[in-house]
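Student: This is the structure, below, for whatever I ask next.
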Amino acid sequence: MDIELRGITKRFGDLVANSGVNLSIKAGEVLGLLGENGAGKSTMMNILSGLYRPDEGEILIDGKPVSFRGPGDAIRAGIGMVHQHFMLVPVFTVAENVVLGVEPTRMLDYLDLRKAREQVREINEEYGLEVDPDELIENLPVGIQQRVEIIKVLFRSASVLIFDEPTAVLTPQEVTEFFKIVRSLRDAGKAIVFITHKLHEIHGIADRISVLRAGKIVGEGLPGKTSDQDLAEMMVGRPVTFEVEKKTFEPGEVLLDIRNLTVLRDDDSVAVDNVTFSVRSGEIVGIAGVQGNGQTALVEALTGLRRVTTGSVTFQGKDITGASVRDRHRMGFAHVPEDRQRAGMITDFTIAENMALNTYYDEPYSHGIVMDWKAVADNSAKYATAFDVRATSIFEAAGHLSGGNQQKMIVARELSRDTKLMIAAQPTRGLDVGSIEYIHKRIVAARDEGDGVLIVSSELDEILALSDRILVMFKGRVVAEFGAGARPANKNDIGLAMAGALA
Ligand SMILES: Nc1ncnc2c1ncn2[C@@H]1O[C@H](COP(=O)(O)OP(=O)(O)O)[C@@H](O)[C@H]1O
Ligand SMILES: [Mg+2]
């Protein structure tokens, strides 16, 4: 089954998410759809899978125009989408989930289920999926849940499978397994659309590459032939450098020392389990791990946002286990939080106000009870320029900035003081390649000036590019260490540790 999109345009109010998109998808082929966050990839595929209706343009299947009134129509036409966020019922089995989606309002009966189990087994066999139809979803790792989504789509006889950023939640080994499955689907004659914003992935899996930028197809590429430089330039619209330049590693004194730290989640389950490590001045320690293995609670505990249950944290020899957020700031902590809109900024405040959020109470911005707004504004203007925060004015509401510029604003604020230790969680999540490059440079500059840096990221490539030393967290524990004296960092071993194989 071949599909053609012709002149597809989709608007959300004034925003043009897709503009005159032409694209062909062919049976037996993997089309790699590459583009930055916000480029319009999901919108386009939501149109193809019947979730959205285009404002202009048409979809042709094997040369005939079709019109979808909803996802049901697209599924009946043989088009299935595996979404970024899975839509499975955790307390149901694999087979139950597979049947459920077909007729969501009907009661499941015994016959349906028996048939479904058999079909799940057949699909397993055909594509090497290895999923137990009777297992509960909640007992399955994310990589296997993704396969259940694939089975759901195949169960509905899809000929076209659309994967929206499928690797975002997988370890490197799971990615390899996933690519095998995609190849077997392709070899069985399915048409595949593989969406990603990660350049390196596309070469390994795509037969053809289309690049989307600001809602338009801006170029095509061939895996292995078109260089990453060229692809990145198409994605961003300007040349991009990839290397993160770092001075040689010369760590100094221990700044942050964490001993036997245990931290609980809100529901009293153990998030951080007896963790011990340290961060020295002039080094970047990277914490790798699949999301949900305790990294968030660790950062919260270290920045004073979450209570420590047992264990201790010292900073330059001083016990700070119970110190407040403000105390830590005054000692030279910089914190780039995971959830920038919730914890990093106040969207209704101006850029100037946001940049003074954790300094306004000290000289030179405040003389006792009188704020010196001129000092606040001068400081913001200086750092907004230095950190390339692109805005019409520092008196614009911070919520109006793009994600990348919001993040640069936070990094600017956090590094515009005399800091000693930077704790950055997912510092570049959701940012475009240009902003990532910029923030990485600033983090490395802080380290080269002697700051200690702790980076938590679920992007292994980011951890590898920045870190002098890498710790892997799995189920609340540090299960492995790489680099600087420990075993050399390599992606395969780190991936195994992330999956708990070294625990
Ligand atoms: N339902 C929606 N309502 C309003 N704007 C949307 C909606 N869905 C997407 N957008 C906007 O459309 C643009 C493209 O988004 P999307 O297709 O999700 O990009 P991508 O998948 O490439 O990251 C973005 O600016 C996004 O904010
Ligand atoms: Mg998307």
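Student: Please find, within the stretch 222-232, the residue that is most open to solvent (accessible area, probe 1.4 Å) out of those that are of a type outside the set (A, V, I, L, M) and over 21 Å from the mean Cα position of the chain (by Cα). Even if it seems obvious, please write down each step before you answer.
Tutor: Our first condition is that a residue be of a type outside the set (A, V, I, L, M); within the stretch 222-232, this holds for 223-230.
From the residues that got through so far, the ones that are over 21 Å from the mean Cα position of the chain (by Cα) too are 223-227, 229-230.
On the way: 223: 30, 224: 72, 225: 162, 226: 27, 227: 48, 229: 82, 230: 81 Å².
The extreme case among them is 225.
Student: Filter the stretch 23-40 for residues that are more than 24 Å from the chain's Cα centre (by Cα) and part of a loop (DSSP other than H, G, I, E, B); which is nearest to ligand 1 (Cβ to nearest atom)?
Tutor: Of the residues in the stretch 23-40, the ones more than 24 Å from the chain's Cα centre (by Cα) are 23-29.
Next, from what is left, pick out any that are part of a loop (DSSP other than H, G, I, E, B): 26-28.
Details: 26: 22, 27: 24, 28: 25 Å.
Checked the stretch 23-40; the qualifying residue nearest to ligand 1 (Cβ to nearest atom) is 26.
Student: Further question: Is it true that some residue in the stretch 41-53 is assigned to a loop (DSSP other than H, G, I, E, B) and away from ligand 2 (no atom under 16 Å from the Cβ)? Don't jump to the end; show me each part of the working.
Tutor: Looking only at the stretch 41-53, we keep the residues that are assigned to a loop (DSSP other than H, G, I, E, B), and these are 49-53.
Filter again for away from ligand 2 (no atom under 16 Å from the Cβ), leaving 50, 53.
For the stretch 41-53, residues assigned to a loop (DSSP other than H, G, I, E, B) and away from ligand 2 (no atom under 16 Å from the Cβ): present.
Student: Tell me, which residue of the stretch 349-391 that is within 28 Å of the chain's Cα centre (by Cα) and of a type in the set (Phe, Trp, Tyr) is modelled with the highest pLDDT?
Tutor: Only one residue tops the list, namely 349.
Student: Another question, then. For the stretch 373-420, name all the residues that are in contact with a strand residue (DSSP E or B) (Cβ under 7 Å, 6 or more places away or on another chain) and open to solvent by 50 Å² or more (accessible area, probe 1.4 Å). Don't jump to the end; show me each part of the working.
Tutor: At the first step, the residues of the stretch 373-420 found to be in contact with a strand residue (DSSP E or B) (Cβ under 7 Å, 6 or more places away or on another chain) are 394-398, 410-411, 414-415, 419-420.
Scanning the stretch 373-420 gives 395, 420.
Student: Going through the stretch 21-40 one residue at a time, which ones are away from ligand 2 (no atom under 16 Å from the Cβ) and not small (Gly, Ala, Ser)? Before you say what the answer is, go through the steps one by one.
Tutor: Residues of the stretch 21-40 that are away from ligand 2 (no atom under 16 Å from the Cβ), as a first pass: 22, 24-30.
Residues satisfying the conditions are 22, 25, 26, 29, 30.
Student: Separate question: Is it the case that the stretch 170-184 has a residue that's touching a strand residue (DSSP E or B) at 6+ places or on another chain (Cβ under 7 Å) and either modelled with pLDDT of 95 or more or within 16 Å of ligand 1 (Cβ to nearest atom) (or both)? I'd like the intermediate steps shown before the answer.
Tutor: To start, the set of residues in the stretch 170-184 that are touching a strand residue (DSSP E or B) at 6+ places or on another chain (Cβ under 7 Å) comprises 182.
Next cut, either modelled with pLDDT of 95 or more or within 16 Å of ligand 1 (Cβ to nearest atom) (or both) only: 182.
Yes, the stretch 170-184 contains at least one residue that is touching a strand residue (DSSP E or B) at 6+ places or on another chain (Cβ under 7 Å) and either modelled with pLDDT of 95 or more or within 16 Å of ligand 1 (Cβ to nearest atom) (or both).
Student: Another question, then. Are any residues in the stretch 136-161 part of a loop (DSSP other than H, G, I, E, B) and open to solvent by 10 Å² or more (accessible area, probe 1.4 Å), and if so, which ones? Steps first, please.
Tutor: Residues of the stretch 136-161 that are part of a loop (DSSP other than H, G, I, E, B), as a first pass: 140-141, 156-159.
Answer for the stretch 136-161, where residues must be part of a loop (DSSP other than H, G, I, E, B) and open to solvent by 10 Å² or more (accessible area, probe 1.4 Å): 140, 141, 156, 157, 159.
Student: Do we have any residue at all in the stretch 68-79 that's within 14 Å of ligand 2 (Cβ to nearest atom), under 28 Å from the mean Cα position of the chain (by Cα) and crowded, with 23+ Cβ neighbours inside 10 Å?
Tutor: Scanning the stretch 68-79, I find no residue that is within 14 Å of ligand 2 (Cβ to nearest atom), under 28 Å from the mean Cα position of the chain (by Cα) and crowded, with 23+ Cβ neighbours inside 10 Å, so the answer is no.
The values are calculated or read from the model by the stated rules, or taken from the named source; none is laboratory data. Since we're looking at a predicted model, the values are computed, not measured. Neighbour counts run over all protein chains shown; Cβ positions are idealised from the backbone, glycine included. Note: areas computed on protein heavy atoms with side chains; ligands, DNA, RNA excluded. Shrake-Rupley method; radii C 1.70, N 1.55, O 1.52, S 1.80 Å.
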